[in-house]
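The values are calculated or read from the model by the stated rules, or taken from the named source; none is laboratory data. Everything quoted here is computed from the prediction, not taken from an experiment. Cβ sites come from the backbone with ideal geometry, for glycine too, and all protein chains shown count toward neighbours.
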Amino acid sequence: MRKVAPGEGAVLSVKQCGPLLLYATQRGAVHAWDLRAPGDAFTLRVPQSEGLLEHLALDPFHNTWLVTGSSAGQLSLWDLRFQLRLNVWRHPGGGKMEAVTPSFNKAHPLLWIAAGKDEVRVASYFPAAARRCAPVSSARRRVPREQGTSMKSLLLRERNLGRTQRLYHQ
């Protein structure tokens, strides 16, 4: 067990990256705790003006890229090898994102982003193309809450349909 430093606020998101445990705090920091050592390996800071860091998405193949998503719709691409923020872009809707997860497709590294009302978007997280964000699904039908359908389950359903391949191989 480990206590978060005073003044960092609550932990809002956690991801494991090999021997590192990445966690985002309320004060706009992503801490990389090396589980083999007593302290943090490094800390990435995001200005508080960009919102609360609510989402962490890791490159599923190499664990070298990290995308952070904030409550204000800001997405940041980080290179974990050098602890550098490479790119910052805003989700086109500009609002709160419900879920951010990477695709599991080596040929086209993409992010699936659930945000807004009945919306799932796909975005490239390569630095040159990171500003492009294309809508994938915008369901017009109403789904009763009793069925338990949430934005996260819609996001998982879209990812499992293999939309990534259809987008790029048309």
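Some notes on this structure:
- So residue 116, is it surrounded by fewer than 16 Cβ atoms within 10 Å (Cβ to Cβ), at pLDDT 65 or above and out of contact with any His (no Cβ under 6 Å at 6 or more places or on another chain): no
- Count of residues meeting criterion [crowded, with 18+ Cβ neighbours inside 10 Å and under 23 Å from residue 97 (Cβ atoms)] in region 13-31: 9
- Qualifying positions in region 1-44 - assigned to a loop (DSSP other than H, G, I, E, B) and within 24 Å of residue 124 (Cα to Cα): 18, 28
- Picking from residues in region 95-113 that are modelled with pLDDT under 80 and within 17 Å of residue 58 (Cα to Cα), the one that is surrounded by the most Cβ atoms within 10 Å (Cβ to Cβ) is 109.
- Only residues that are among the aliphatic types (A, V, I, L, M) and either part of a loop (DSSP other than H, G, I, E, B) or within 14 Å of residue 28 (Cβ to Cβ) (or both) were counted in region 66-97, giving 3.
- Some residue of region 30-45 being of a type outside the set (A, V, I, L, M, F, W, C), in contact with a helix residue (DSSP H, G or I) (Cβ under 8 Å, 6 or more places away or on another chain) and under 20 Å from residue 88 (Cβ atoms): no
- When residue 27 is tested against (1) over 14 Å from residue 111 (Cβ atoms); (2) in contact with a strand residue (DSSP E or B) (Cβ under 8 Å, 6 or more places away or on another chain), just one condition goes unmet, and that condition is (2).
- Filter pass, residue 34 being at pLDDT 85 or above, of a type in the set (D, E, K, R) and surrounded by 13 or more Cβ atoms within 10 Å (Cβ to Cβ): yes
- Scanning region 24-72 for residues that are touching a residue at least 24 places away in the same chain (Cβ under 8 Å) and of a type in the set (Ser, Thr, Tyr) turns up 25, 68, 70, 71.
- Candidate set from region 56-87 (those that are within 12 Å of residue 44 (Cβ to Cβ) and polar (S, T, N, Q)); member that is surrounded by the most Cβ atoms within 10 Å (Cβ to Cβ): 68
- The set of residues from region 45-65 being closer than 24 Å to residue 7 by Cα, of a type in the set (A, V, I, L, M) and part of a strand (DSSP E or B) comprises 53, 56.
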